[in-house]
Amino acid sequence: MNTISDWEELLAARLPLYGHRNWIVIADAAYPAHSAPGIETVVAGVSQQAAIEAVLAQLCACTHVRPVVHLDRELEFVLEGDAPGIDSYRAWLRGALTSMSVRSAPHEEIIAALDRAAQLFSILIVKSTMAIPYTSIFLELQCGYWNEDAEARLRSAIEHG
């Protein structure tokens, strides 16, 4: 595990190495440490919002990757009475992710996808101080200079060519 002071430097060092199929997770404080060798965990020691902003700022500066955001489906259903602060976090998150591709799925499905990816690709987990459940965001990196439409056209040309 890395120390609080170096997590942004670690992220900056990893991003040039990462490409499509790598993942970055900005996790709440209770997110578990994975035992898979492809998963690296760093404790940021900052709020969830600060960690998200820092990660997204670094990703926005990259031209070779772009994130697809995965959110726990459960996030939509957590009640303010059960988790004080969830309503303001959800509102803040909607604004922070406005221009991004966002997908929602049950937490266990996202974890399963993360575990499958970790069998072949590196995953970085940045743990925040957030103490509200289902607030982790999962960033699946895609190629920044290629998109699904271009890939579909390529695959169609190969199939019919």
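The values are calculated or read from the model by the stated rules, or taken from the named source; none is laboratory data. Since this is a predicted model, take the numbers as computed values, not measurements. When we count neighbours, we look across all protein chains shown, and the Cβ atoms used for this are built from the backbone with ideal geometry, even at glycine.
Some points to look at:
- Of residues in the range 130-146 being of a type in the set (S, T, N, Q) and touching a His at 6+ places or on another chain (Cβ under 9 Å), the one surrounded by the most Cβ atoms within 10 Å (Cβ to Cβ): SER136
- The listed residues are ARG66, ARG90, ARG94, and the only one of them that is more than 13 Å from the chain's Cα centre (by Cα) and either among the hydrophobic types (A, V, I, L, M, F, W, C) or surrounded by 15 or more Cβ atoms within 10 Å (Cβ to Cβ) (or both) turns out to be ARG90.
- Residue tally, condition under 21 Å from ALA118 (Cα atoms) and either exposed (fewer than 13 other Cβ atoms within 10 Å of the Cβ) or touching a Gly at 6+ places or on another chain (Cβ under 6 Å) (or both), over the range 13-60: 9
Residue-wise test of (1) at pLDDT 95 or above; (2) in contact with a helix residue (DSSP H, G or I) (Cβ under 9 Å, 6 or more places away or on another chain); (3) within 19 Å of CYS62 (Cα to Cα).
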{"position": "ALA113", "(1), (2), (3)": "yes, no, no"}
{"position": "SER122", "(1), (2), (3)": "yes, yes, yes"}
{"position": "THR129", "(1), (2), (3)": "yes, yes, no"}
{"position": "TYR134", "(1), (2), (3)": "yes, yes, no"}
{"position": "CYS143", "(1), (2), (3)": "no, yes, yes"}
{"position": "ASN147", "(1), (2), (3)": "no, no, yes"}
{"position": "GLU151", "(1), (2), (3)": "no, no, no"}
{"position": "GLY161", "(1), (2), (3)": "no, no, no"}
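- Selected residue (criterion: farthest from PRO32 (Cα to Cα)) from residues of the range 110-129 that are surrounded by 18 or more Cβ atoms within 10 Å (Cβ to Cβ) and hydroxyl-bearing (Ser, Thr, Tyr): SER122
- Selection status of ASP149, surrounded by 14 or more Cβ atoms within 10 Å (Cβ to Cβ), out of contact with any strand residue (DSSP E or B) (no Cβ under 7 Å at 6 or more places or on another chain), of a type outside the set (Val, Ile, Thr) and under 18 Å from PRO67 (Cα atoms): no
- Single match in ILE158, ILE110 (criterion: closer than 22 Å to VAL43 by Cα and in a helix (DSSP H, G or I)): ILE110
One line per residue, one yes/no per condition, for (1) free of Cβ contacts under 8 Å to residues at least 40 places away in the same chain; (2) of a type in the set (Val, Ile, Thr); (3) in contact with a Phe, Trp or Tyr (Cβ under 7 Å, 6 or more places away or on another chain):
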position	(1), (2), (3)
GLU8	no, no, no
ALA12	no, no, no
LEU17	no, no, no
ASN22	no, no, yes
ALA36	no, no, no
ILE39	no, yes, no
ALA44	no, no, yes
